[in-house]
Every structure is written in structure tokens, then in C-alpha cells.
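The values are calculated or read from the model by the stated rules, or taken from the named source; none is laboratory data. Worth saying up front: this structure is predicted, and the values here are computed from it rather than measured. Neighbour counts are summed over all protein chains in view; Cβ atoms, including those assigned to glycine, are modelled from backbone coordinates with ideal geometry.
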Amino acid sequence: MTDHDKTAGRGTPVLQMHKITKTFGNVIANENVSFDLHKGEVIALLGENGAGKTTLMNILFGQYTADHGTVSVFGQRLPAGNPRAALDAGVGMVHQHFTLAGNLTVWENIALGTKGLWGLSMHAAAAKSKIRALSQKFHLDVDPNAKVASLTVGQKQRVEILKALYRDSQILILDEPTAVLTPQETDALFATLREAIALGLSIIFISHKLHEVMAISSRVLVLRHGRLVAERATQDTNRDELARLMVGGDVAQPDIPMRPAGPALLTLNNVSTDQLQDVSLTLHAGQITGLAGVSGNGQSALSDLICGLIAPKSGDLLINGQAPKSWSPRRALSARIGRIPEDRHKTGSIADFDLTENAILETYAQKFAKRGWMNWAGAASHAQHLIDTYDVRCPGPATRIRLLSGGNMQKLILGRVLEEDPQIIIANQPVRGLDIGAVNYVHGRLAAAREAGAAVLLISEDLDEIMKLSDQIHVICEGRLSPAFARGQLDAANLGKWMAGEGGTHAA
């Protein structure tokens, strides 16, 4: 047991959330939740999608007002519904999706909001000096004058942390902080966090990656259906127990053995676009091809290319060995290419449409429209079938999709794709931000599609996911594709080197 383990949790709490209850209509988001956070302590907050984690953090930041309960920071009660009060009290948050302006410099992004627009330039020297001091203190090396657009993903993560520390945050909430980092960048982030913890920073760590929870936290809190159902000292628990506590029972992980390659269903030969360079790739029937890479290296362009949203500038795209005369989303759909998009909110669904409308977005013209009239009864029946078959937990087909948790939204999108019996499936970040139960469900469905003969392209920044599911693995870096590696041929560290552009020549 380290000195930190012995002392964490002692003394006056820096944060107290006491008997927090929040409801939305008939839905209980949080019920009587209480916990403390102490100086130099890391609490991991776990729970399934929809368990109440986000609501609890929004109450802490004053974005929501609790129906009952109080929030105190350093012994002082925070006024309800006042985000500025939380910031002024020393609470900072690093969101899963970066909130940085690419056209501004590092120091401008960090200082923005602390001074008026006119005052910002007048305090440039002082801001840069403070940023350099924080960078040195917490080992967050970054150039204050660099444009954010020129930074790597790992460097942007450092800027987000510096932005919180610049505001003198003493309590830091990290929401899925490693979602877009390579293994090496994750190790560097954890080293930084340990330095900050040793200097007295207190952290709430939200993640679905249980091995990371075990590596960085000192205590684990588990929410289920809005209630705090368990609290464990990290040293006294393990990943299996935490998974059971999250879902309320045993977690069955799908067994996904490797499969031999079937016929080539899609082939790219030396294809280039604005973001891709001489990409060659073959997707085989009955196989999952994993595509690993740090966010922003061409994954989205490759997905858009295969789904018909962009066309090759050079090279050949073949479906079942034949080159289509033209390439468009309609052509891709007619070629039985199914798309699970990267962003289920922006490109996978329409927030104010109900589940029925979202369930037929790509098929309404072919299946539910006739002579200008919509068969809404048939569409609602189809949506109900997806809800029942894919365990979408919601009041019914008339529910607005924005009211669903991320996991249930993803299940509807998954069902929308798989029920059309696609021969090629593009699964772009299919389990990002999902809990372990939803992850296993999605993985099982993708494996079943593979068993039925589909070719699956799994695009993910999670190497554990890639190595667990894929029959063959490519790595993409700066728009170039690595050779294909069989599952088990390279470990996570070596795949991480390829992701960072240090693995060799990217030529398939």
C-alpha cells in the first residue's frame, strides 16, 4: 500500500454531494446519491449508459438543479443552477470531446473566458507565463504560441487539462479522457495525473475502460438506475466484480474466434482522396477487418468513401470485383453497404425525430412510401420490431430519440442497419462511450453478422476492441494504410507505434 493509499480519503472533504435526487417527469435520474471526495484522491464513477453519471455531474456544475440535496465544495454550499459558482469554487472538467478552437493559439484557448476579448491581448504575456509555469509543474509540455489545429490529439488533451488548471481548479472531472489517445499517450496522461494527485489535485474519473479505472483510481463508486449501489476501495476489487456491479449480474462476453477469409466483397486499389493516399484494402466475407488509428488520421474519410459520401480521385473501388459506373450514397445502399456512423447524434440520427422516423431514415422511400403516401402504421410496426429485437429501452416508437441514452440510441441504429441484411458493414466507433453491457451486445451483433457472411470494417481507437474482434488489422496514420496484420501478430504497444507513425512504411 502506497502512502497515497493510506492517506486518501482522510481529512475534510473537498467535495460533498449529499442526498442528490433529480427526476425528469416519471424518470428518476438520481435518487438519494451521496459521496465525498478528498484532497489528492481519485474517485472512479462507473455505471451503465443512463445510470445517472452525467446528470450527477451536471448538478455539480450547476447546469441542472437537483430536486433535493446539496453540493458543497471546501465546506461551502454551492448555489443551485449556477455554473460560474462551481468554476469559481475550483471545479474544472475535461470533456470527452475537446472544446478547443483550432484557429486560435494554445494560450488564447486556455485564457479565453477569463478575460474580456479586449483584455485578452493586454494580458498575453502574463497568460503565457502562467501556462509555462503550469506546464512545467504538471509535466504538460505544450507551446503556448502553437495553433491548436497543428497539435496532436495527445497535445490537445494536455491543453484541455491546462485550461482547467489555469482557472486554479483543485477538483478535476475527467469524462472518458483516453477515448481518442494511443496507449503511449494514455500512459503519458496517467503519469501526468499521478504528478497532479501528488500535488493535491482531486479527480473524479469517468470511464468505461475498467483496466484504466483499476490503474488510476483509489476508490470506485457504482451507479445503477440512478442509485449509488456500491463503493469499493480499488485495491479490494477487480474488473469482474465492477462489471457485475454495473449491470446487476454476471456479464457474458461474446466469444469471437478468428475466421478464414471468404470472397472479396469490397476492394480498394491505390485509392486517393483529399485525405487518403494510395489506400489499398480488401474486405472479405465472413471476416471483421479492424482499422486502428488516432482520431483525425483519415478514418472518417475512409468510411465516407466506402459509404458513397465521397468518390475516389484516383485508384479503383470494386464491389464484388466490379467497378460501379458512379459512386454515391444511393449506390452504396443498393450495393448493400450498411453504415453505423461515428457520431450517433450528428450523423446517425435526427434528435427531434421520433424512433419511428429515425428507424426508416435510409429505407423509407423503398419500403414505406407509395405514390407519395407514407405507410406510417407499417413504419411504426418496423420501429417496434427494432425496439423488441435489439432491446431498445424506451417508452415506445413515438419517443423522441434525443431522450434515449447513448447505448439505447446505438442499439436502434444498429438494428436499422442489420435488419437490412447488409453484405458490407462499416462500424465506425460503434461502442464509443457505451457501458460494458451495451459494448458486449454490440460486439455480439457484429460477430453474428460476420457469421452470416457479412464483411465488417470495424473502425475504432480502442485497441482492446480491435484486437478482440478483428480477424485482420490495419492501422491508418496521416491518410496512409499499414499492411494487414493477423490478430495477435502485433501487441498493443507495437500497434500504438504504427498509430503514432513510428511502425514503418504505410503501404498495404
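Numbers at a glance
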{"read-out": "Extreme residue, modelled with the highest pLDDT, among residues of region 141-159 that are crowded, with 18+ Cβ neighbours inside 10 Å and assigned to a loop (DSSP other than H, G, I, E, B)", "value": "P144"}
{"read-out": "Residue within region 191-199 that is among the basic types (K, R), without any contact (Cβ under 8 Å) to a residue 60 or more places away in the chain and under 30 Å from A500 (Cα atoms) present", "value": "yes"}
{"read-out": "Hits in region 34-77 (condition: within 20 Å of I436 (Cα to Cα) and β-branched (V, I, T))", "value": "I43, T54, T55"}
{"read-out": "Selection from region 482-499 of residues that are closer than 19 Å to D278 by Cα and either in contact with a Phe, Trp or Tyr (Cβ under 8 Å, 6 or more places away or on another chain) or modelled with pLDDT under 85 (or both)", "value": "S482"}
{"read-out": "Filtered residues of region 274-288 (kept if part of a strand (DSSP E or B) and either of a type in the set (V, I, T) or free of Cβ contacts under 8 Å to residues at least 60 places away in the same chain (or both))", "value": "V279, T282, I288"}
{"read-out": "Qualifying residue in region 109-128 (condition: touching a residue at least 60 places away in the same chain (Cβ under 8 Å) and farther than 27 Å from M214 by Cβ)", "value": "no"}
{"read-out": "Strands (runs of 3 or more DSSP E) completely within region 160-248 that count 2 or more residues being touching a His at 6+ places or on another chain (Cβ under 7 Å) and either over 20 Å from H38 (Cβ atoms) or not assigned by TED's automatic domain parsing to the domain that holds W498 (or both)", "value": "none"}
{"read-out": "Per-region count, region 469-500, residues buried (at least 18 other Cβ atoms within 10 Å of the Cβ) and within 17 Å of D255 (Cα to Cα)", "value": "5"}
{"read-out": "Flag for Q184 being modelled with pLDDT under 85 and buried (at least 16 other Cβ atoms within 10 Å of the Cβ)", "value": "yes"}
{"read-out": "The one condition in (1) surrounded by fewer than 19 Cβ atoms within 10 Å (Cβ to Cβ); (2) over 22 Å from V279 (Cα atoms); (3) hydrophobic (A, V, I, L, M, F, W, C) that L446 fails to fulfil", "value": "(1)"}
{"read-out": "Some residue of region 289-296 being over 26 Å from the mean Cα position of the chain (by Cα), in contact (Cβ under 8 Å) with a residue 60 or more places away in the chain and either under 20 Å from L481 (Cα atoms) or outside the structural domain of A492 (by TED's automatic domain parsing) (or both)", "value": "no"}
{"read-out": "One residue from Y390, Y364 being surrounded by fewer than 23 Cβ atoms within 10 Å (Cβ to Cβ) and either within 23 Å of K209 (Cβ to Cβ) or free of Cβ contacts under 8 Å to residues at least 24 places away in the same chain (or both)", "value": "Y364"}
{"read-out": "So G433, is it farther than 21 Å from D304 by Cα and modelled with pLDDT under 90", "value": "yes"}
{"read-out": "Residues of region 406-432 classified as surrounded by 21 or more Cβ atoms within 10 Å (Cβ to Cβ) and either basic (K, R) or within 17 Å of V247 (Cβ to Cβ) (or both), total", "value": "7"}
